[in-house]
Each structure stands twice: as structure tokens, then as C-alpha cells.
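Trainee: The structure follows.
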Amino acid sequence: MGCINHPNAPVSATCKKCKSELCGICTQYLDSGEYCERCASVAEADAYVKSRDSNEELRQVEMAQITTARITEEEDRIKSRSKDAIFVKGGAVMGALMIIASLGLYAFPNLMKSDEQLTEEQSITRLVACQEVFQAIGIMLSEGRIPDSSMSCPGTNIPNIILRQGAKVTVSHPNPRQFGLDELYVTSDSHRVVMVGQGQG
């Protein structure tokens with residue numbers, strides 16, 4: 001048997017996720033293994049999310065260490081400058097307030113964003129999460145399985161629309177307008193997520 005996309009080409013790898021046989025041209029090599037193009041994009045998205053979460057934790061630890069070092073530095077300076085107690089106390093209080101304010105801005109970066117920016121970021125996050133669900137549905141369709149209609153995007157209570165036309169199966173989002181799209185679907189023919197509307201498609 002040959003490559004899933006190039007039947008005459010010799011098989012050089014098997015997709016780690018969907019187990020499709022692949023030639024050297026179709027194989028996507030990632031640190032976590034060998035994938036077909038469709039599964040590679042899902043694996044990369046998973047790796048990005050894990051990396052982002054890990055980096056955020058490291059930044060918080062570093063910020064706490066920097067803050068502790070700054071507080072220690074400030075305390076040492078206060079001890080060495082005991083000439084004017086009022087000035088020292090006022091400086092320490094101001095320093096602590098500045099550190100607290102800095103930590104507050106670091107811990108809650110959305111405080112300085114407008115409602116429009118927050119809404120846009122949340123909309124993009126929801127669309128990306130929904131796109132990942134439809135990528136998973138596309139993989140199921142490529143394996144010849146029909147997804148359950150309850151396999152829907154986060155925040156959507158209405159099940160996806162599953163339309164069968166002969167051998168072709170189309171799974172559509174029930175309300176793509178919540179993402180500013182006219183259509184959001186995947187078919188058993190292409191297995192790719194199709195987004196139509198507002199610069200997509």
C-alpha cells in the first residue's frame with residue numbers, strides 16, 4: 001500500500017495520530033512525532049497552548065523573585081539611611097505601593113484594556129477553540145466515523161448540524177454569526193475546516 005495522498009509513492013512514515021500512511025513529501029516532522037498535515041496542525045496547536053501556559057508560570061515565578069529582590073533591596077537601603085525616619089518610612093511605603101501596583105498590572109493586564117479589546121480577544125479565543133473542535137471532527141470524518149451532533153464548540157448549547165448527501169457528510173456550526181462568519185463547516189470530502197465571511201474563505 002502507498003501514501004494516502006500519493007498511492008504510487010513509498011510509505012516512509014505513519015501519522016502518530018490518525019495512523020495514515022505517508023510518503024516523505026506528506027510527512028510533517030514535529031518534536032512529538034511524525035504526522036499528516038491535518039494532525040500536525042492540531043499537534044502544533046496543543047504544543048503551543050502547553051508552552052504558553054508553561055511560560056506564563058515561569059514569568060510569574062520570575063516576577064515573584066524579582067519583586068522579593070526589590071523588596072529586600074529597598075529594606076537594606078532603608079536600614080542604611082536612618083537619618084530622616086519620616087523620609088525613610090514614606091519611601092518604603094511608596095516603594096511597596098509601587099511594587100504592589102506593578103504586580104497588580106502584571107497579574108491583571110486586562111485592567112488597562114478597553115471593553116472592545118477584551119471582547120475582540122475573547123471572540124478570537126472562542127473562534128480558535130471552535131476551529132480546533134471542527135479540526136477534530138474533520139479527523140473523525142477522515143477515519144470514516146460520523147461525529148455525535150453534541151460534539152460542539154465551547155459556549156454553544158445548540159448541537160452541530162450534520163447533513164448527509166449520499167457518501168458526503170457535512171458538519172456545520174449552527175450559528176457561525178457569533179464569530180462574524182457566514183459559514184463554518186467541515187466535509188468528509190476535504191476534512192478541512194472552512195470559514196466563510198469577514199475576510200475568511
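The values are calculated or read from the model by the stated rules, or taken from the named source; none is laboratory data. Keep in mind that this is a model prediction, so the values were computed, not measured. Neighbour counts run over all protein chains shown; Cβ positions are idealised from the backbone, glycine included.
Trainee: Which members of the range 30-45 meet the condition of being aliphatic (A, V, I, L, M), surrounded by fewer than 17 Cβ atoms within 10 Å (Cβ to Cβ) and over 16 Å from V133 (Cβ atoms)?
Mentor: L30
Trainee: Residue by residue through the range 73-90, note down the ones that are surrounded by 10 or more Cβ atoms within 10 Å (Cβ to Cβ) and modelled with pLDDT of 70 or more. Give the steps one after another, and end with the answer.
Mentor: The first filter runs over the range 73-90 and keeps only residues surrounded by 10 or more Cβ atoms within 10 Å (Cβ to Cβ), leaving 73-78, 81, 84-85, 87-90.
E73, E74, E75, D76, R77, I78, K89, G90, listed by residue number.
Trainee: Same structure, new question: Considering only the range 123-155, state which residues are surrounded by 12 or more Cβ atoms within 10 Å (Cβ to Cβ), under 28 Å from E57 (Cβ atoms) and at pLDDT below 80.
Mentor: Within the range 123-155, S123 is the sole residue that qualifies.
Trainee: On the basis of being closer than 20 Å to E143 by Cβ and in a loop (DSSP other than H, G, I, E, B), does I25 make the cut?
Mentor: No; evaluated as a whole, the condition is false for this residue.
Trainee: Let me ask something additional. Determine which single condition E37 fails, assuming it passes every other condition in (1) among the charged types (D, E, K, R); (2) out of contact with any helix residue (DSSP H, G or I) (no Cβ under 6 Å at 6 or more places or on another chain); (3) over 24 Å from E143 (Cβ atoms).
Mentor: Of the numbered conditions (1) among the charged types (D, E, K, R); (2) out of contact with any helix residue (DSSP H, G or I) (no Cβ under 6 Å at 6 or more places or on another chain); (3) over 24 Å from E143 (Cβ atoms), the odd one out for E37 is (3).
Trainee: Of all residues in the range 112-122, which are farther than 12 Å from Q178 by Cβ and at pLDDT 75 or above?
Mentor: S114, D115, E116, Q117, E120, E121
Trainee: Report yes if I99 is modelled with pLDDT under 80 and touching a Lys or Arg at 6+ places or on another chain (Cβ under 9 Å), otherwise no.
Mentor: no
Trainee: A follow-up question, please. Please go through (1) within 21 Å of the chain's Cα centre (by Cα); (2) in a loop (DSSP other than H, G, I, E, B); (3) basic (K, R) for K19 and return the number of the only condition it doesn't satisfy.
Mentor: (1)
Trainee: Conditions: (1) of a type in the set (S, T, N, Q); (2) exposed (fewer than 14 other Cβ atoms within 10 Å of the Cβ); (3) under 19 Å from V128 (Cβ atoms). Q165 meets all but one. Number of the miss?
Mentor: So Q165 meets the others, but not (3).
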